[in-house]
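Accompanying notes for the structure given below.
The values are calculated or read from the model by the stated rules, or taken from the named source; none is laboratory data. Being a predicted model, the structure only gives us computed values, none of them experimental. All Cβ positions, even for glycine, are placed from backbone atoms using ideal geometry, and neighbour counts span all protein chains on display. Protein only, heavy atoms only, side chains kept; ligands, DNA and RNA dropped before computing areas. Shrake-Rupley method; radii C 1.70, N 1.55, O 1.52, S 1.80 Å.
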Amino acid sequence: MIAAGGLGTRRADWFRFLPKEYFPVHGKPGIALLMEEIADLGNARTVMVHHPYYTRFAAWISYVLNKPDAYDQVADTATETRHWPSVDMIPQSGTYGDITSVLNADDYLNRPAQLYVMYADNLFPNARPLLHLGELDADTAVMVRPYTRAAATKRGVVVCDNDRMVRLVEKPDEDTAAVLEATYGCDNLALMTGRSRVSRSFLDFLHTYRHSSGEPKLSLALSTYAQTASVRVRRVDTTVTDLGAPFPNVD
């Protein structure tokens, strides 16, 4: 499932005209890079959960993406052999938050055995993150990047025990990040990315999860789940393009 329930308000007034996942990256619409990732999984059912504001836009873009030759329009046909899957688009229903998007998709897909979760505003050009997650022998897993203090305040910080998640601290301030470094060591810290693979067991847990924050966040639910079940981490050292930033950046 592609989580695209936000309005992209960090991009100022642009969000009124174009959802952020359609901005160009490396000469292609961002959505094309997402579809290429999904194509690595083979025959996968795909649903994109979008903000209700974009319902009319989504109806049009669904027609475009699901055309038989859509991939050929943007692919380098000399080197690409993958084919896009079809994608259904549904408006997010319920409290704003990425957990809501995941639960909407889970219900729409009739409670699948596993679900790959992609954040539409995090792109990994020239990498294949979903394929890396699929290679793990694990029921629930998240992809993480190397820890840096500069990026810690903008992302979730995962505390790791070798290849397993111990806990997560969401966007710690400078003082909290310093405490995490002193307590666990930088080698045992990592940065959460916008890719995960979750099991039926986790999804069932998510349907009953009660959060204390105003916005139900998937990362915090994963942290809670990791207290009693195994959540593996897949470390990658690749750049990420954040389409939600005022000016898309790579860090």
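Here's a check for you: in segment 178-203, which residue that is more than 23 Å from the chain's Cα centre (by Cα) and of a type in the set (A, V, I, L, M) is nearest to SER219 (Cα to Cα)? This residue is LEU180. Screening THR176 on (1) free of Cβ contacts under 8 Å to residues at least 24 places away in the same chain; (2) outside any helix (DSSP H, G or I) shows it passes everything except condition (2). Modelled with pLDDT of 85 or more and either open to solvent by less than 20 Å² (accessible area, probe 1.4 Å) or in a helix (DSSP H, G or I) (or both): which single residue out of ALA44, ALA12, ALA3 fits that description? The match here is ALA3. On the stretch given as segment 101-113, residues that are surrounded by fewer than 22 Cβ atoms within 10 Å (Cβ to Cβ) and touching a strand residue (DSSP E or B) at 6+ places or on another chain (Cβ under 8 Å) total 5. Filtering segment 179-228 to residues that are among the basic types (Lys, Arg), without any contact (Cβ under 8 Å) to a residue 24 or more places away in the chain and closer than 24 Å to ALA152 by Cβ leaves nothing. Going through (1) exposed (fewer than 15 other Cβ atoms within 10 Å of the Cβ); (2) in a strand (DSSP E or B); (3) among the hydroxyl-bearing types (Ser, Thr, Tyr) one by one, TYR116 falls short only on (1). Do we have any residue at all in segment 67-75 that's among the aliphatic types (A, V, I, L, M), part of a loop (DSSP other than H, G, I, E, B), more than 19 Å from the chain's Cα centre (by Cα) and within 19 Å of GLY30 (Cβ to Cβ)? Yes, the conditions are met somewhere in segment 67-75. When restricted to residues that are of a type outside the set (Gly, Ala, Ser) and open to solvent by less than 10 Å² (accessible area, probe 1.4 Å), segment 198-232 contains 8. Checking each residue in segment 119-141 for being in a loop (DSSP other than H, G, I, E, B) and either closer than 15 Å to ILE2 by Cα or in contact with a Pro (Cβ under 7 Å, 6 or more places away or on another chain) (or both) picks out ALA120, ASP121, PHE124.
Is it true that some residue in segment 59-67 is under 30 Å from ASP204 (Cβ atoms) and in contact (Cβ under 8 Å) with a residue 12 or more places away in the chain? Yes, the conditions are met somewhere in segment 59-67. The residue that is farthest from MET89 (Cα to Cα), counting only those in segment 48-60 that are surrounded by fewer than 19 Cβ atoms within 10 Å (Cβ to Cβ) and in contact with a helix residue (DSSP H, G or I) (Cβ under 9 Å, 6 or more places away or on another chain), is TYR53.
Do the conditions hold for LEU103, that is, is it within 20 Å of LYS217 (Cβ to Cβ) and either part of a loop (DSSP other than H, G, I, E, B) or modelled with pLDDT of 90 or more (or both)? Yes: the conditions hold for LEU103.
Inspection of segment 153-160 identifies at least one residue that is free of Cβ contacts under 8 Å to residues at least 24 places away in the same chain, basic (Lys, Arg) and open to solvent by 10 Å² or more (accessible area, probe 1.4 Å).
Contact map, segment 97-113: residues that are aromatic (Phe, Trp, Tyr) paired with residues that are open to solvent by less than 20 Å² (accessible area, probe 1.4 Å), Cβ distance under 7 Å, separation 6+ or inter-chain. Pairs shown: TYR108/VAL47.
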